[in-house]
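**Student:** What follows is a single structure, and I will ask about it in a moment.
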Amino acid sequence: GRICMAGWVTNQFDGTYSVNSGRWYTAGETGSFYRLEDPGFTLTLTVRGAPIRHSVATPYDYGTYAMNPGTVVTDAVPLISEQTAGSRHICHGWTLTNDLGALLDSGGDTQAVFTVNTNVGLTWNWTNQWYLTTTSDTNGGLAQDLTGWYTNGAVAVVTATANVNFAFGSWSGGGVPPGATTNNPLTLPLDQARYVKANFYSLTPASREWTGVGTWFSTTNWNPAGLPGPQDELTIRSGTLTLTDPVGAASFVVSNGATVLFTNWYASLNASAVTVLSNGLVTHAVCNTNVVVANSNRVHIVCSNLTIAAYGAINVNSRGF
């Protein structure tokens, strides 16, 4: 068979034409494709996007147009397209080529001006950008706030600085690379939207109690409020404490009815003494690796003395693969 396009002036279909043979034993052979522009025009302008189209080009949107020789074309696209809170696409220029793919012209802005004297292809070049948010708690700051948009593949290095009588503890947030929560400075590849927060602890040891539900970095769940330090004595009095990162304390007690939940392979608890009292529970989240690839969790405790009271438990029954 044949696909024939005849007498057209504007064709804004920028997909693929196929005249391949069918898939079954009764199918015919590969056909042919024939394109005949309006006889009043002799050249074509094809507008494309690389790697794919974004936004709308004006006045010549993506597609193919019949043109007269000597036509001066001015075409443009927005600088930014499809922006969300964490990602967007940005145009970084254009290229103009002939039917053989040879470069005729190019530019680094969002407006192209050229004269059509042969069949030409105008390609708008796009890349994606990611939003990075860097922040800290009130017990320290950052050497430089690097919050902003970054082109895909860029690398940011953020450094935490502690106030007097405080020390850097760890980074938290969905943008911290696995295994890097205690790195300072922190290197961040901008291959996704990232949020990172620097957390600091007091150099004065304290006894703290946990109540409620949240992660280690939910400082208001601790009494007195604040991020625990490695010399603090901690008691999980009630509720559920979720561990998402490596953490440490001098001593750690899981009280009656309280739960400590490990949620990934990197989370760990390091303390000289760990005690799980009656009806206290240490466990980890269900792995579900058949549902979410690499969703592996474990209980990881490093200590010198481990005490499990009667009816206390480290229990991961039915939470594996």
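The values are calculated or read from the model by the stated rules, or taken from the named source; none is laboratory data. Quick caveat, the model's predicted, so the values are computed rather than measured. Ideal geometry is used to build each Cβ from the backbone, glycine not excepted, and the neighbour counts take in all protein chains shown. Calculation scope for accessible area: heavy atoms of the full protein, side chains included, ligands and nucleic acids excluded. Shrake-Rupley method; radii C 1.70, N 1.55, O 1.52, S 1.80 Å.
**Student:** Considering only residues of segment 76-106 that are more than 30 Å from the chain's Cα centre (by Cα) and in a strand (DSSP E or B), which is farthest from VAL155 (Cα to Cα)?
**Tutor:** ASN98
**Student:** In segment 214-259, how many residues are in a strand (DSSP E or B), closer than 15 Å to THR275 by Cβ and open to solvent by 10 Å² or more (accessible area, probe 1.4 Å)?
**Tutor:** 6
**Student:** Just one of the numbered conditions (1) surrounded by 14 or more Cβ atoms within 10 Å (Cβ to Cβ); (2) within 32 Å of the chain's Cα centre (by Cα); (3) part of a loop (DSSP other than H, G, I, E, B); (4) not charged (D, E, K, R) is not true of TRP124; which one?
**Tutor:** (3)
**Student:** So which residues in segment 131-149 are open to solvent by 50 Å² or more (accessible area, probe 1.4 Å) and modelled with pLDDT of 95 or more?
**Tutor:** Those that are open to solvent by 50 Å² or more (accessible area, probe 1.4 Å) and modelled with pLDDT of 95 or more: TYR131, ALA143, GLN144, ASP145, THR147, TRP149.
**Student:** If a residue must be outside any loop (DSSP other than H, G, I, E, B), farther than 15 Å from ILE314 by Cα and of a type in the set (Gly, Ala, Ser), how many such residues does segment 260-272 contain?
**Tutor:** Of the residues in segment 260-272, 2 are outside any loop (DSSP other than H, G, I, E, B), farther than 15 Å from ILE314 by Cα and of a type in the set (Gly, Ala, Ser).
**Student:** Does THR182 satisfy the condition of being touching a residue at least 40 places away in the same chain (Cβ under 8 Å), more than 30 Å from GLY214 (Cα to Cα), outside any strand (DSSP E or B) and open to solvent by 30 Å² or more (accessible area, probe 1.4 Å)?
**Tutor:** Criteria not met by THR182.
**Student:** Which ones in segment 185-213 are of a type outside the set (S, T, N, Q), under 21 Å from ALA162 (Cβ atoms) and assigned to a loop (DSSP other than H, G, I, E, B)?
**Tutor:** Within segment 185-213, PRO185, LEU203, PRO205, ALA206 qualify.
**Student:** Something else about it: Looking only at segment 287-306, filter to residues that are open to solvent by less than 70 Å² (accessible area, probe 1.4 Å) and among the polar types (S, T, N, Q); which one of those is nearest to the chain's Cα centre (by Cα)?
**Tutor:** This residue is ASN295.
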